[in-house]
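Below is one structure; the comments refer to it alone.
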Amino acid sequence: MTWPTSPVPRLPGRGEVVRLRDASGEVRLSAEGPAAGMYVCGITPYDSTHMGHVATYVAFDVLRRAWLDAGLKVRVTSNVTDVDDPLLERAHATGVSWEHLAAEHEARFARDMAALSVLPPDTYLRVSDVVPQVAEAVAAMLDAGAAYRVPTAGVGGPDVEGLGDVYADLAADPAFGSVSGLDDATMRALFAERGGDPDRPGKRGPLDPLLWRRERPGEPAWDGGRLGRGRPGWHVECAVIAAQGLGPSFDVQAGGSDLLFPHHEMSCSHTRMLYGGRVRVHAHAGMVAYAGHKMSKSLGNLVLVGDLEHIDPAAVRLTVLAAHYSSDWEWTDARLTTGQARLARWRAATARTSGPAAAPLLDQVRAALARDLDTPAALEALDTWVATDGDDHDAPALVRALTDALLGVRL
Ligand code: ZN
């Protein structure tokens, strides 16, 4: 279910470990080594890959490449949220089975990531493949007093003695809120906007997130053991999959900035309550706009990877990397044209028989990436090398290796 990749070239010397800006604003070392683990929240496979997704996955692919260059033993885990309300709603609305819809978009995403030279995760799990493990985790939270049942009568399901939907009791987690640092009103607004149910009767706290949803007519359901038949909630899936691939604690939790709250705040809370685990850095990619607004299905302003099939994917990567990953930016045709022109200049320059010495350039690119993945500075350093003549015959090959290894751009 992952995708093919080419080997990453080894570069002379060793890069620095990247310092990343955490969601708190603090800049932290992204890993202490010798190993480094990252969880990148995956897609809900019901729609095509757009440039917002690409910007996120390319950004954290560059972090992974920098870690490899720093000599760390890297492990990356990701998920496919193939059991989730938006996917089930889309399947229902279009009259296809949810399994078919998910399989189609999962395959398309894999093709897009392979074309864009994003290295595949080491552990890549579908939610539908880990339902028993999630049910076990939810039962453990009930046993620990970190979760509670809410009756389903009146909200679409039959009430059965001892069963119910299960919610996390956030009051049991004193560290809740520490990831995003948001105030209560903002958390409530974002929770309601992004899939939460603050007004569900029977909940102890409005922000308490769903862990297990009992079977409803017309919805897919799995055997949940003591929980009865049902399906997992969104945030606990990621906590369980992350622990499977990376263990209880890991270095970087990554995703788009719209996942900071509630998704990362909640899954981090579950990780703490379930495994006593912690995450070193919460890193978020900015949102990509088009035609003046954040790309969204409802506004119809998506730029899809499929729309750019006639464009060299290396030019798409360079277009994305020209913006700093954590900033919000706008996709424009002019930016793409700049990316294409840059790729052509770099290809022409590295096809020369000689160029200026490349070792100083390698140092500059490594230093730029180590500063919170400053890819715009890395690209500028390369532009300068490309625009300069020199008589070092080994330099063009080293520059090709460095753009491949560190930026995922094959010249
Ligand atoms: Zn996630």
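The values are calculated or read from the model by the stated rules, or taken from the named source; none is laboratory data. Since the structure is predicted, the reported quantities are computational estimates derived from the model, not experimental observations. As a convention, Cβ positions derive from the backbone with ideal geometry for all residues, glycine included, and neighbour counts pool all protein chains shown. Heavy atoms of the whole protein, side chains included, go into the accessibility calculation; ligands, DNA and RNA do not. Shrake-Rupley method; radii C 1.70, N 1.55, O 1.52, S 1.80 Å.
Please go through the stretch 28-56 and pick out each residue that is among the hydroxyl-bearing types (Ser, Thr, Tyr), away from the ligand (no atom under 13 Å from the Cβ), farther than 15 Å from PHE250 by Cβ and out of contact with any Pro (no Cβ under 8 Å at 6 or more places or on another chain). Steps first, please.
Of the residues in the stretch 28-56, the ones among the hydroxyl-bearing types (Ser, Thr, Tyr) are 30, 39, 44, 46, 48-49, 56.
In the following step, the residues that additionally are away from the ligand (no atom under 13 Å from the Cβ) were identified as 30, 46, 48-49.
Still in the list and also farther than 15 Å from PHE250 by Cβ: 46, 48-49.
Across the stretch 28-56, the qualifying residues are SER48, THR49.
Could you look through the stretch 215-230, keep only residues that are surrounded by fewer than 24 Cβ atoms within 10 Å (Cβ to Cβ) and under 18 Å from GLU89 (Cβ atoms), and pick out the one that is farthest from the ligand (Cβ to nearest atom)? My answer is PRO217.
Considering only residues in the stretch 343-369 that are within 27 Å of the chain's Cα centre (by Cα) and touching a residue at least 40 places away in the same chain (Cβ under 8 Å), the one that is surrounded by the fewest Cβ atoms within 10 Å (Cβ to Cβ) turns out to be ALA367. Cβ-Cβ contacts under 7 Å between residues 6 or more apart (or on different chains), taken from a first residue in the stretch 254-280 that is within 15 Å of ALA168 (Cα to Cα) and touching a residue at least 60 places away in the same chain (Cβ under 8 Å) to a second residue that is away from the ligand (no atom under 11 Å from the Cβ) and of a type in the set (Phe, Trp, Tyr), are listed as PRO262/PHE191; SER269/PHE176. When ILE241 is tested against (1) within 12 Å of the ligand (Cβ to nearest atom); (2) surrounded by fewer than 24 Cβ atoms within 10 Å (Cβ to Cβ), exactly one condition is not met: (2).
From the list THR332, THR350, THR375, which one is out of contact with any helix residue (DSSP H, G or I) (no Cβ under 6 Å at 6 or more places or on another chain) and modelled with pLDDT of 95 or more? It would help to see each step written out before you state the result.
Values: THR350 fails: out of contact with any helix residue (DSSP H, G or I) (no Cβ under 6 Å at 6 or more places or on another chain); THR375 fails: out of contact with any helix residue (DSSP H, G or I) (no Cβ under 6 Å at 6 or more places or on another chain).
One residue alone meets the criteria, THR332.
Would you be able to say whether some residue in the stretch 374-385 is crowded, with 21+ Cβ neighbours inside 10 Å and over 24 Å from SER327 (Cβ atoms)? Yes: one or more hits. Annotation note: Cβ proximity below 6 Å between a residue of the stretch 13-27 that is closer than 15 Å to GLN253 by Cα and a residue that is surrounded by 15 or more Cβ atoms within 10 Å (Cβ to Cβ) and hydroxyl-bearing (Ser, Thr, Tyr) (sequence gap 6+ or interchain) occurs for VAL18/SER30; LEU20/SER30.
Restricting the first member to the stretch 233-248 and to residues that are touching a residue at least 12 places away in the same chain (Cβ under 8 Å) and under 14 Å from ALA36 (Cα atoms), and the second to residues that are near the ligand (Cβ under 8 Å from one of its atoms) and among the aromatic types (Phe, Trp, Tyr), the beta-carbon pairs closer than 9 Å and six or more apart or on different chains are ALA242/TYR39; GLY245/TYR39; LEU246/TYR39. Candidates in the stretch 275-289 are the residues that are of a type in the set (A, V, I, L, M) and buried (at least 21 other Cβ atoms within 10 Å of the Cβ); of these, the one that is farthest from the ligand (Cβ to nearest atom) is VAL288. Of the residues making up the stretch 158-171, those that are hydrophobic (A, V, I, L, M, F, W, C), outside any strand (DSSP E or B) and surrounded by 17 or more Cβ atoms within 10 Å (Cβ to Cβ) are LEU163, LEU170. Among the strands (runs of 3 or more DSSP E) lying completely within the stretch 196-271, list those that include at least 3 residues that are touching a helix residue (DSSP H, G or I) at 6+ places or on another chain (Cβ under 7 Å). Output list reads 250-256. The set of residues in the stretch 29-45 that are of a type outside the set (Asp, Glu) and surrounded by fewer than 18 Cβ atoms within 10 Å (Cβ to Cβ) comprises LEU29, GLY33, PRO34, ALA35.
Tallying residues that are of a type in the set (A, V, I, L, M) and within 16 Å of the ligand (Cβ to nearest atom) within the stretch 60-101 yields 4. For the stretch 119-154, filtering for residues that are assigned to a loop (DSSP other than H, G, I, E, B) and within 29 Å of the chain's Cα centre (by Cα) leaves 6.
Among the residues of the stretch 195-203, are any under 19 Å from the mean Cα position of the chain (by Cα), open to solvent by less than 10 Å² (accessible area, probe 1.4 Å) and not acidic (Asp, Glu)?
No; the residues of the stretch 195-203 include none that is under 19 Å from the mean Cα position of the chain (by Cα), open to solvent by less than 10 Å² (accessible area, probe 1.4 Å) and not acidic (Asp, Glu).
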